[in-house]
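The values are calculated or read from the model by the stated rules, or taken from the named source; none is laboratory data. The structure displayed is predicted, hence computed values, not measured ones. No Cβ is skipped: glycine too gets one built from the backbone with ideal geometry, and neighbour counts run over all protein chains shown. Quick note on the areas: whole protein, heavy atoms, side chains included, nothing else; ligands and nucleic acids left out. Shrake-Rupley method; radii C 1.70, N 1.55, O 1.52, S 1.80 Å.
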Amino acid sequence: MCLAVPMKLVSRQELKGEVELSGVRREVSLMLLPEAEVGSYVLVHAGYAIAQVDEQEAQETLALLREALAAEEA
């Protein structure tokens, strides 16, 4: 099963960007999403930003992921 995680784009330099989620930052390729702007939320899969989502959708997805993790731990 593959999973793309919504993360906030906090900086970019040409086709490389830095994203953040819960204080964790990662470098991603923006090759598939060159129009992504700093401050937007992108879906990250295998080191690539593959789609842009609005903040509400990102927060809803993250809430569902947290619920799944909590259920798994219980």
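Of note:
- All strands (runs of 3 or more DSSP E) inside region 18-74 with 1 or more residues being open to solvent by 90 Å² or more (accessible area, probe 1.4 Å): 24-29, 48-53
- Under the condition of being of a type outside the set (Asp, Glu) and farther than 15 Å from residue 28 by Cβ, the residues counted in region 40-57 number 1.
- Going through (1) surrounded by 13 or more Cβ atoms within 10 Å (Cβ to Cβ); (2) in contact (Cβ under 8 Å) with a residue 24 or more places away in the chain; (3) of a type outside the set (Asp, Glu) one by one, residue 10 falls short only on (1).
Yes or no, residue by residue, for (1) in contact with a strand residue (DSSP E or B) (Cβ under 7 Å, 6 or more places away or on another chain); (2) of a type outside the set (Lys, Arg):
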| position | (1), (2) |
| --- | --- |
| 2 | yes, yes |
| 12 | no, no |
| 15 | yes, yes |
| 20 | yes, yes |
| 40 | yes, yes |
| 49 | yes, yes |
| 69 | no, yes |
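- Every pair of residues 6+ apart whose Cβ atoms lie under 8 Å, when the first sits in region 48-72 and is closer than 30 Å to residue 15 by Cα while the second is open to solvent by 90 Å² or more (accessible area, probe 1.4 Å): 48/31; 48/32; 49/32; 50/32; 52/35
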